[in-house]
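The values are calculated or read from the model by the stated rules, or taken from the named source; none is laboratory data. In this text, all values refer to a predicted model and were calculated from it rather than measured experimentally. Because the Cβ atoms are built from the backbone with ideal geometry, glycine has one as well, and the counts that use them run over all protein chains shown.
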Amino acid sequence: MNLHEYQGKEILNSFGVKIQRGIVADNHKKAVEAAKLLATETGTDWWVIKAQIHAGGRGKGGGVKLAKSLSEVESISKDIIGMMLKTPQTSAEGKKVNQVLIAEDVYYPGPSEPEEYYMSVLLNRATGKNMIMYSTEGGMDIETVAEETPHLIFTEEVDPGTGLLGFQARKIAFNLGLSGKAFKEMVRFVFALYKAYVQSDSSLFEINPVLKTSDDMVLAVDAKVTLDDNALFRHKDYQDLRDLREENPIEVEANAVGLNYVDLDGNVGCMVNGAGLAMSTMDLIKQSGGEPANFLDVGGTADAERVETGFRIILKDPKVKAILVNIFGGIVRCDRVAQGIVDAYKNMGDSIKVPIIVRLQGTNAVEAKQLMDNSGLDVISVVEFKEAANKVQEVLS
Ligand code: GDP
Ligand code: MN
């Protein structure tokens with residue numbers, strides 16, 4: 001589950017990570033109130049207005065602006081709230097901005113220059129360790145840094161058993177070129193950030209930029225946080241942070257009825273039982289010259305009702321030109337699944353306008369094929385994986 005910047009910062013703050021403080025607002029009046037409140041709390045008289053959408057690169061797209069007066073807070077908030085914000089990470093039409101974060105300006109002048117760094121904590125699946133990635137090149141696109149100046153990106157692997165050790169945090173602060181007060185601040189920052197990542201059960205914390213202010217404080221100016229869905233049951237208070245407006249509406253609907261559905265870009269819809277079979281079915285579709293339109297695992301109970309729900313969800317995607325049903329009847333008998341498909345098909349009348357290829361394998365596969373073939377429906381039924389691939393190729397060409 002992805003979070004908004006302001007939510008990620010709240011979590012960081014709760015673990016003692018220093019942040020650029022801010023208040024979220026969903027209209028320009030509240031934005032002005034927020035700015036006034038921040039002024040009394042922090043003494044700031046400049047503010048940054050930051051669009052809250054689940055995508056980075058907002059600065060480049062005009063979603064992050066500096067306001068030097070309350071009237072600028074009002075006019076900038078008015079412009080940003082409700083806009084379709086296009087960034088390198090959104091689709092071409094952009095994302096609607098429902099709220100803005102009014103944040104204190106932390107790039108104020110002082111004894112030294114403000115400096116931006118990059119830092120993220122994530123899991124390195126290859127080594128089974130947590131990994132802190134960091135760079136002196138903060139504030140910009142880290143992918144560009146990785147491409148053009150990869151030697152400026154450092155990684156520090158942390159054994160989850162021992163946790164982050166003192167020398168590692170000091171090495172990070174040293175590699176970032178810090179000394180004195182800023183060095184100590186960075187060490188504390190890294191420890192608190194790592195703790196936040198571990199204890200919130202997140203799969204990613206990306207802070208870009210981490211800012212060293214002109215008076216040598218170190219704080220998080222941005223926060224991209226991905227919580228691990230599988231650990232959400234341990235964090236009841238985080239569950240409310242989900243913003244369904246940011247998520248794919250078909251996925252939201254499918255998840256609500258307990259289907260494991262992921263929307264993809266292709267043209268062949270798939271309905272499969274079991275995640276492993278779903279993955280190999282997607283491979284099969286690709287090898288047959290198609291592209292999977294979705295990942296859909298209907299789970300163990302492929303009865304008529306579930307099959308019908310699956311069809312309805314798949315057909316909401318206008319890109320779908322064919323549907324491949326690939327079900328293995330282990331505990332559930334193939335003839336029962338076949339009956340389910342026939343019932344679902346009849347129930348849906350003429351809302352199915354694309355060819356359906358059904359491959360049922362396992363217990364009573366032969367009976368299932370007979371049932372499908374005798375149903376009089378426009379369903380192509382096959383038994384072998386290879387035949388299914390050929391049929392997909394045929395209907396697409
Ligand atoms: P992103 O573009 O979506 O990654 O959003 P960020 O939160 O990283 O903000 C983008 C840029 O806005 C930062 O890299 C900063 O250069 C700038 N910015 C953020 N906060 C402040 C601030 O308090 N003062 C000033 N002057 N600039 C800021
Ligand atoms: Mn950023």
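So, in region 42-61, how many residues would count as being touching a residue at least 40 places away in the same chain (Cβ under 8 Å) and within 14 Å of ligand 2 (Cβ to nearest atom)?
Number satisfying all stated conditions: 9.
If you go through region 73-89 one residue at a time, do you hit one that is of a type in the set (A, V, I, L, M), touching a residue at least 60 places away in the same chain (Cβ under 8 Å), more than 19 Å from E247 (Cα to Cα) and within 13 Å of ligand 1 (Cβ to nearest atom)?
Within region 73-89, not a single residue is of a type in the set (A, V, I, L, M), touching a residue at least 60 places away in the same chain (Cβ under 8 Å), more than 19 Å from E247 (Cα to Cα) and within 13 Å of ligand 1 (Cβ to nearest atom).
Checking V262 against (1) outside any helix (DSSP H, G or I); (2) within 28 Å of V64 (Cβ to Cβ); (3) of a type in the set (V, I, T); (4) not assigned by TED's automatic domain parsing to the domain that holds K129, which single condition isn't satisfied?
Result: V262 passes all but (2).
Just one of (1) within 16 Å of ligand 2 (Cβ to nearest atom); (2) under 16 Å from D222 (Cβ atoms) trips up K95, so point out which.
In the conditions (1) within 16 Å of ligand 2 (Cβ to nearest atom); (2) under 16 Å from D222 (Cβ atoms), K95 misses (2) alone.
Quick test for you: out of A39, A31, pick the one residue that is over 16 Å from I207 (Cβ atoms) and in contact (Cβ under 8 Å) with a residue 40 or more places away in the chain.
A31
Please tell me if V64 is farther than 21 Å from Y238 by Cβ and within 16 Å of ligand 2 (Cβ to nearest atom). If you could, list the steps in order and put the result at the bottom.
Values: farther than 21 Å from Y238 by Cβ: yes; within 16 Å of ligand 2 (Cβ to nearest atom): yes.
Here the answer is yes, as V64 does meet what is asked.
Go through region 144-154 and give me each residue that's surrounded by 14 or more Cβ atoms within 10 Å (Cβ to Cβ) and not in a helix (DSSP H, G or I).
If the condition is that a residue be surrounded by 14 or more Cβ atoms within 10 Å (Cβ to Cβ) and not in a helix (DSSP H, G or I), then I153, F154 are the ones that fit.
Considering only region 311-397, give the helices (runs of 4 or more DSSP H) lying wholly within it that have at least 3 residues that are of a type outside the set (K, R) and in contact with a helix residue (DSSP H, G or I) (Cβ under 6 Å, 6 or more places away or on another chain).
334-347, 365-373
So which residues in region 186-207 are surrounded by fewer than 23 Cβ atoms within 10 Å (Cβ to Cβ) and within 11 Å of ligand 1 (Cβ to nearest atom), if there are any at all?
E206
State whether the residues of region 377-384 include one that is over 36 Å from the mean Cα position of the chain (by Cα), exposed (fewer than 15 other Cβ atoms within 10 Å of the Cβ) and at positive phi.
Checked against the condition, which is being over 36 Å from the mean Cα position of the chain (by Cα), exposed (fewer than 15 other Cβ atoms within 10 Å of the Cβ) and at positive phi, region 377-384 yields no hits at all.
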